[in-house]
Amino acid sequence: MKNMSNRICIGSANFGLNYGYKKKKLNKKKIKMIIDYSYKMGINYIDTATSYGNAHKILGDLQSKKFNLVTKLPLPPKKTKSLKNWCISTIIKAKKKLKIDHIYGLLIHDTKILENKNNANEIYEALNILKKKKIINKVGLSIYDPTELDCYFNTYKFQIIQFPFNIFDRRILNSGWLQKLSKKKVELHARSVFLQGLLLIELEKIPKKLKKWNKYFLKLNKFVEKKNISKKRACISFVRKYKTIDKFVIGISDLDQLKENLTLFGDKIIKIPSNLEVKSQKLLNPKMWQT
């Protein structure tokens, strides 16, 4: 179990926000139990962000410096005079809240910040300063769609790419980017393994606005019933097959769930059919669930 646990990265969105389709936020006691057990089992990465409510403060209070922390740079406030100065001060504040000596990975949370070339150059300048001062170790991008890599990957020497990847969402594979990034020795972090929990829920509990994709949920149901496995095992089995992926960012609701996930990460890999792939961004991108 321990050799598989080093591919798990604890997602902390629900440490500071009402997160996922269930909109649940964890209390500090549960978070401490998750963090302590994770460390004990050899999990040494936590994914967080300045936009995850008070997640940074909670992680700092719980002495999470024994982990490699990956955080994200948000979009700047409107009318920011110097993006370079804003970027540097934002990350120094984040480091203080986290109570760590350095941030393992800093990801750009939204590539919109890079659309303007002058703005992008200011951000890159700030990132170089933060790296020189050893405030951050690695710089990366958090993407929603592989087309963002077409636009921005070659503009800076990014060392981490975080991307959505699950049974329904195979865009990173089809685009060819997974193979390209692996060849370039970029650290690969897959998130949305359970599509914010949507892949695990019962059919009747699927939100009304997502019912138009029922046929895919039905196919998934039929597949797991035929194989006599849980949906969670199917989801984990699918992503684990790709050995070039370094980390899987997994959100945890409680200690029992963490233990279950660790067991499933050690199970035999099951082949997942290709007909479960979904093309519609409106289902694959949680940002579009409200539209």
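The values are calculated or read from the model by the stated rules, or taken from the named source; none is laboratory data. Since we're looking at a predicted model, the values are computed, not measured. Cβ: placed from backbone, ideal geometry, glycine included. Neighbour counts: every protein chain shown. We work out accessible area using only protein heavy atoms, side chains counted, and drop any ligands, DNA or RNA first. Shrake-Rupley method; radii C 1.70, N 1.55, O 1.52, S 1.80 Å.
When +1 charges are put on Lys and Arg Cβ atoms and -1 charges on Asp and Glu Cβ atoms, the dipole computed for the chain relative to its Cα centre reaches about 220 debye.
Centre-to-centre separation between the Cα atoms of region 112-150 and those of region 195-231: 36 Å. Kirkwood radius and radius of gyration were both taken over the C-alpha atoms of region 1-80, and their ratio Rg/Rh is 1.01. Karplus-derived 3J(HN,Hα) values for region 38-44, using 6.51 cos²θ - 1.76 cosθ + 1.60 with θ = phi - 60°, are 4, 4, 4, 8, x, 7, 10 Hz; glycine and proline are entered as x.
Straight Cα distances below 20 angstrom link K227 to the lysines K215, K219, K241, K268, K271, with same-chain residues fewer than 8 positions distant left out.
For C151, the accessible surface of its heavy atoms amounts to roughly 80 Å² (probe 1.4 Å, protein chains only, rounded to the nearest 10). A cut-off of 5 Å between modelled amide H atoms, ignoring neighbours fewer than 5 places along the same chain, links I103 with I136, N137.
Model label points for K57 and E260, set 7 angstrom from Cα along the Cα-to-Cβ axis, are 3.1 nm apart. Value of Rg to Rh for the chain, rounded to two decimals, is 0.95; Kirkwood radius and Rg both from alpha-carbon coordinates. Of all DSSP beta bridges confined to the chain, the antiparallel ones make up roughly 5%. Given the pairs K208/K247; K30/K65; K243/K287; K24/K231; K157/K211, which are separated by over 30 angstrom at their Cα positions? Distance filter (> 30 Å) returns K208/K247; K157/K211. Here region 191-288 yields Rg over Rh of 0.94, to two decimals, using C-alpha coordinates and the Kirkwood radius.
Placing +1 on each Lys and Arg Cβ and -1 on each Asp and Glu Cβ, with no other charges, gives region 90-185 a dipole about its Cα centre of roughly 640 debye. Equivalent ellipsoid of region 141-211: semi-axes from √(5λ) of the C-alpha gyration tensor, largest first, are 29, 11, 10 Å.
Applying 0.36 nm per residue to the separation of K219 and N137 and subtracting their alpha-carbon distance, the gain on full extension is 25.3 nm.
Each residue of region 137-147 was assigned a 3J(HN,Hα) from its phi angle through the Karplus expression (A = 6.51, B = -1.76, C = 1.60, θ = phi - 60°), giving 8, 10, 10, x, 10, 9, 10, 9, 8, x, 4 Hz with x at Gly and Pro. The per residue volume of the convex hull around the alpha-carbon atoms of region 64-143 is 83 Å³. These residues, M288, M33, M41, go from largest to smallest accessible area, 1.4 Å probe, as M33, M288, M41. The residues of the chain present an accessible area of 50 Å² per residue when probed at 1.4 Å with all protein chains retained. What a 1.4 Å probe finds exposed on region 168-277 is 49% carbon and sulfur by accessible area, rounded to a whole percent. The calculated FRET efficiency for N118 paired with Q281, based on their beta-carbon distance and R0 = 25 Å, is about 0.30. For N68, list long-range residues whose amide hydrogen, built 1.01 Å from N in the peptide plane, is under 5 Å from its own amide hydrogen. Long-range HN contacts for N68: Y45, I46. Multiplying each eigenvalue of the alpha-carbon gyration tensor of region 228-281 by 5 and taking the square root yields semi-axes of 20, 14, 13 Å, largest first, rounded to whole angstroms. According to the square roots a ≥ b ≥ c of the eigenvalues of the Cα gyration tensor, what is the shape class of region 62-103, taking rounded for a/c under 1.5, prolate for a/b larger than b/c otherwise, and oblate for the remainder? Here region 62-103 falls in the prolate category. Working note: Karplus 6.51/-1.76/1.60 with θ = phi - 60° gives region 207-223 the couplings x, 3, 5, 10, 5, 5, 9, 3, 4, 6, 5, 5, 4, 4, 4, 4, 5 Hz, where Gly and Pro are set to x. Fully extending the segment from K81 to K226 would add 46.3 nm, taking 0.36 nm per residue of separation and subtracting the current Cα-Cα distance. Scanning residues 5 or more positions from K24 or on other chains, those with amide H under 5 Å from its amide H are Y19, with H placed 1.01 Å from N in the peptide plane.
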